[in-house]
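Peer 1: This is the structure, below, for whatever I ask next.
The values are calculated or read from the model by the stated rules, or taken from the named source; none is laboratory data. These figures come from a predicted structure and were not determined experimentally. In this analysis, Cβ positions are derived from the backbone assuming ideal geometry, glycine residues included, and neighbour counts consider all displayed protein chains.
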Amino acid sequence: MKSRNLFTAAGFAAVALLLSSVSSAATKAEIDERVHHSMQQFYQLNPAHRDLVARAKGVLVFPHVTKGGVGVGGEFGEGALRIDGKDVSYYSVSGASVGLTLGLAKHKEIILFMTQEVLDKFMNSHGWAIGADTGVAVLSKGAGGEYDTQTLQRPILAFVFGEKGLIGDVSLEGTKVTKLDK
């Protein structure tokens, strides 16, 4: 029992350390630069991504998402919503989990809102949870792979790429997106 409490305390300490190391808020200019760079990397992974982005009503880009923990996990990142190629508002992504989490990793996330209806629903929400929307197709195999026509018919497409570090989970399930005042 004592070792379990120690393990849990170590997990909470790791999450606190993780979140404190990434919680220094970036400026709008820093986020804009990172978003632009991430979009260029996304296009280099697969030329078909340009067509997808052109058809999307909105693109939510998180250039740096840090995820990690020991037993208890957490993640955090900041990004921007792009409409017609311009950053129009800023968001944070965060999440927490309890279970078999061990490690620390960073990745990029790009979420494409393919219809005006899902974009409006996202923009009017007060804290949108990615896993709560069953219409989200998460494509995490380096975001450079092929996707089928059935996947492309989903209203929201989420790509995870640029993974660095060691952690066993790149799932977006339960991730919460919150609008920032910038």
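Peer 1: Within the stretch 1-24, identify whether any single residue is basic (Lys, Arg), at pLDDT below 95 and crowded, with 20+ Cβ neighbours inside 10 Å, and answer yes or no. Talk me through it step by step, then tell me what you get.
Peer 2: First, the residues of the stretch 1-24 that are basic (Lys, Arg): 2, 4.
In the following step, the residues that additionally are at pLDDT below 95 were identified as 2, 4.
Adding the requirement that they be crowded, with 20+ Cβ neighbours inside 10 Å leaves none.
No, the stretch 1-24 contains no residue that is basic (Lys, Arg), at pLDDT below 95 and crowded, with 20+ Cβ neighbours inside 10 Å.
Peer 1: Do you know which of the residues in the stretch 49-78 that are part of a helix (DSSP H, G or I), in contact (Cβ under 8 Å) with a residue 12 or more places away in the chain and out of contact with any helix residue (DSSP H, G or I) (no Cβ under 7 Å at 6 or more places or on another chain) is farthest from Lys164 (Cα to Cα)?
Peer 2: Pass one, the stretch 49-78, residues part of a helix (DSSP H, G or I): 49-55.
In the following step, the residues that additionally are in contact (Cβ under 8 Å) with a residue 12 or more places away in the chain were identified as 49, 52-53, 55.
Imposing the further condition that a residue be out of contact with any helix residue (DSSP H, G or I) (no Cβ under 7 Å at 6 or more places or on another chain) reduces the set to 52-53, 55.
On the way: Leu52: 25, Val53: 24, Arg55: 29 Å.
Among them, the one singled out is Arg55.
Peer 1: Also, I was wondering about something else. Any idea which residue in the stretch 154-168 is modelled with the highest pLDDT, counting only those that are crowded, with 16+ Cβ neighbours inside 10 Å and not in a strand (DSSP E or B)?
Peer 2: First, the residues of the stretch 154-168 that are crowded, with 16+ Cβ neighbours inside 10 Å: 154-163, 167.
Next, from what is left, pick out any that are not in a strand (DSSP E or B): 154-155, 167.
Working: Arg154: 87, Pro155: 93, Ile167: 62.
Per the stated criteria, the residue is Pro155.
Peer 1: Restricting to the stretch 117-147, give me the number of residues that are charged (D, E, K, R) and either farther than 18 Å from Phe42 by Cα or modelled with pLDDT of 75 or more (or both).
Peer 2: Filtering the stretch 117-147 for residues charged (D, E, K, R) gives 117, 120-121, 133, 141, 146.
In the following step, the residues that additionally are either farther than 18 Å from Phe42 by Cα or modelled with pLDDT of 75 or more (or both) were identified as 117, 120-121, 133.
Going through the stretch 117-147 one residue at a time, the tally reaches 4.
Peer 1: Please go through the stretch 84-108 and give me each residue that is under 14 Å from Asp32 (Cβ atoms) and touching a strand residue (DSSP E or B) at 6+ places or on another chain (Cβ under 8 Å), ordered by number.
Peer 2: So in the stretch 84-108, the residues under 14 Å from Asp32 (Cβ atoms) come out as 85-91.
Within the stretch 84-108, Asp87, Val88, Ser89, Tyr90, Tyr91 qualify.
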